């Protein structure tokens, strides 16, 4: 039961990590939910410990960025009517946040969040390495393989689009 619960939490975390300003981040309201606290209380702790959150750990979204986020992320629609702009926390910011909140749930959840961030970083680096190797091969061989290289690139692009798309239905067995 614990593994299936962790799997569901990992899926939720996967969906909550967003790329904003070139960084993988999580929004304060999502983190509050994962850590089992109210967003207001989470942000109060951040303000009390502001020196622990430099710009590379946390930043506040602009009004325009907030509107774009609400338009593109259905689960963040509740932010639409919020008077304040949300905070975005990087991987390091989520760890610091768990330390500041200092609850058992925050500590356990931060471990899961860090693992998801690491997995995403590995996925991005492996795709970049594969892309580099394909470009290297493409430059070595003549036009006879051009069609093959186009097909591989399209498959890589489609695979990335599929990974970003939320899954529906039931998962049967491991890796589904």
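Structural remarks
- Residue in segment 67-81 that is buried (at least 19 other Cβ atoms within 10 Å of the Cβ) and modelled with pLDDT of 90 or more present: no
- Here residue 55 meets the list (1) surrounded by fewer than 11 Cβ atoms within 10 Å (Cβ to Cβ); (2) modelled with pLDDT under 90 almost entirely, failing just condition (2).
- Inclusion of residue 50 among residues that are touching a helix residue (DSSP H, G or I) at 6+ places or on another chain (Cβ under 8 Å) and either closer than 21 Å to residue 113 by Cβ or modelled with pLDDT of 90 or more (or both) is not warranted.
The values are calculated or read from the model by the stated rules, or taken from the named source; none is laboratory data. Keep in mind the model is a prediction, meaning the values are calculated, not measured. Quick reminder, even Gly has a Cβ in these numbers, built from the backbone with ideal geometry, and neighbours come from all protein chains shown.
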